[in-house]
Amino acid sequence: MKTLIKPIGEIRNNPNNPRTIRDEKFAKLVKSIKALPAMLDVRPLVCDEDWIVLGGNMRLRACSEAGLKEVPVIQVKGWTEEQKREFIIKDNVGFGEWDWDVLANEWDEQQLLEWGMSVWNPDEVNLDDFFEARDGEDPTTSIQLTYEQGIGERVRDALAEQEGTKEEIIARLLGIQ
């Protein structure tokens, strides 16, 4: 398929896009496009026959915010609605995992942050923050748990349901009490 250069005003965001980027992460995307607009040449937007975005809704918004007038686009033709819906999801699914050791040892943390990556782990629960907010005490020890993305919220919810001091809660959860 051929990449076309299309005026940004002729491309429409997909109103049924299930993925979004907000606030700080969106600002990082805008910054990354301003710093390296050539990345769009190798990762163009994907649109259907009506120039509705199937892949790259947030990039389109970021390109507009960055002041770009034109963007690279690949237009797909003849796809069924089911194929379009499947592509939208598959284009946004993250199949791989980061190797945090390689990132920590081989990459510059500041650069990764500037490029829009959340370092080091995407879903952390700092128990000190939880307990400090809960009972007003200053923590004397530091406990931080790191989970695969999505599990941390469930841990925070489960902790919020517990009663007692931080020592009692930890002891009970560890089966010591």
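Check LEU60 against each of (1) under 24 Å from THR3 (Cβ atoms); (2) within 19 Å of the chain's Cα centre (by Cα); (3) assigned to a loop (DSSP other than H, G, I, E, B) and name the one condition it does not meet.
Just one mismatch for LEU60, condition (3).
Could you tell me whether any residue of the stretch 71-84 is within 13 Å of GLU10 (Cβ to Cβ), among the aromatic types (Phe, Trp, Tyr) and in contact (Cβ under 8 Å) with a residue 12 or more places away in the chain?
Scanning the stretch 71-84 turns up no residue that is within 13 Å of GLU10 (Cβ to Cβ), among the aromatic types (Phe, Trp, Tyr) and in contact (Cβ under 8 Å) with a residue 12 or more places away in the chain.
Inspect all residues belonging to the stretch 17-29 and state whether any of them is at pLDDT 95 or above, among the aliphatic types (A, V, I, L, M) and buried (at least 16 other Cβ atoms within 10 Å of the Cβ). It would help to see each step written out before you state the result.
So in the stretch 17-29, the residues at pLDDT 95 or above come out as none.
Scanning the stretch 17-29 turns up no residue that is at pLDDT 95 or above, among the aliphatic types (A, V, I, L, M) and buried (at least 16 other Cβ atoms within 10 Å of the Cβ).
For the stretch 46-57, does any single residue satisfy the condition of being of a type in the set (Gly, Ala, Ser) and closer than 19 Å to VAL93 by Cα? Outline the logic, then answer.
The initial filter retains those residues of the stretch 46-57 that are of a type in the set (Gly, Ala, Ser), namely 55-56.
Those left that are additionally closer than 19 Å to VAL93 by Cα: 55-56.
Checking the stretch 46-57: at least one residue is of a type in the set (Gly, Ala, Ser) and closer than 19 Å to VAL93 by Cα.
List the residue pairs whose Cβ atoms are under 7 Å apart, where the first residue sits in the stretch 85-105 and is outside the structural domain of VAL53 (by TED's automatic domain parsing) and of a type in the set (A, V, I, L, M), the second is modelled with pLDDT of 75 or more and surrounded by 10 or more Cβ atoms within 10 Å (Cβ to Cβ), and the two are 6 or more positions apart or on different chains.
Pairs found: LEU103/LEU112.
What are the pairs, 6+ residues apart or on separate chains, where a residue within the stretch 1-30 that is assigned to a loop (DSSP other than H, G, I, E, B) has its Cβ under 8 Å from a residue that is basic (Lys, Arg)?
Sorted first by the residue in the stretch 1-30, then by its partner, the pairs are ASN13/ARG61.
Quick check on my filter: what residues within the stretch 154-177 are of a type in the set (D, E, K, R) and touching a residue at least 12 places away in the same chain (Cβ under 8 Å)?
Hits for the stretch 154-177 are ARG156, LYS166.
Only one of these is in a loop (DSSP other than H, G, I, E, B) and either among the acidic types (Asp, Glu) or in contact with a Pro (Cβ under 6 Å, 6 or more places away or on another chain) (or both): GLU97, GLU82. Name it.
Values: GLU82 fails: in a loop (DSSP other than H, G, I, E, B).
The conditions single out GLU97.
Which count do you get for residues in the stretch 48-89 that are closer than 21 Å to PHE26 by Cα and not polar (S, T, N, Q)? Talk me through it step by step, then tell me what you get.
We begin by selecting, within the stretch 48-89, every residue closer than 21 Å to PHE26 by Cα; these are 52-73, 88-89.
With not polar (S, T, N, Q) added as a condition, the list becomes 52-56, 58-63, 65-73, 88-89.
The number of residues fulfilling the criteria is 22.
For the stretch 1-47, name all the residues that are among the acidic types (Asp, Glu) and in contact with a strand residue (DSSP E or B) (Cβ under 6 Å, 6 or more places away or on another chain). Before you say what the answer is, go through the steps one by one.
Taking the stretch 1-47 first, the residues among the acidic types (Asp, Glu) are 10, 23-24, 41.
Passing the criteria: only ASP41.
Residues that are of a type in the set (Ser, Thr, Tyr), out of contact with any Lys or Arg (no Cβ under 6 Å at 6 or more places or on another chain) and under 20 Å from VAL93 (Cβ atoms): does the stretch 19-30 have at least one? Explain how you work it out, then say what you get.
Let us first name the residues in the stretch 19-30 that are of a type in the set (Ser, Thr, Tyr), namely 20.
Imposing the further condition that a residue be out of contact with any Lys or Arg (no Cβ under 6 Å at 6 or more places or on another chain) reduces the set to 20.
Subset that is under 20 Å from VAL93 (Cβ atoms): 20.
Yes, some residue in the stretch 19-30 is of a type in the set (Ser, Thr, Tyr), out of contact with any Lys or Arg (no Cβ under 6 Å at 6 or more places or on another chain) and under 20 Å from VAL93 (Cβ atoms).
Kindly indicate the residue of the stretch 63-79 that is outside any helix (DSSP H, G or I) and small (Gly, Ala, Ser) and also surrounded by the most Cβ atoms within 10 Å (Cβ to Cβ) among those meeting that condition. Reasoning before the result, please.
At the first step, the residues of the stretch 63-79 found to be outside any helix (DSSP H, G or I) are 66-79.
Checking the rest, the ones that are also small (Gly, Ala, Ser) come to 66-67, 78.
On the way: ALA66: 17, GLY67: 10, GLY78: 7.
So the residue we want is ALA66.
The values are calculated or read from the model by the stated rules, or taken from the named source; none is laboratory data. Here the structure is a predicted model, which means the values were calculated and not measured. Heads up, the Cβs are rebuilt from the backbone with ideal geometry, glycines too, and the neighbour counts pull from every protein chain shown.
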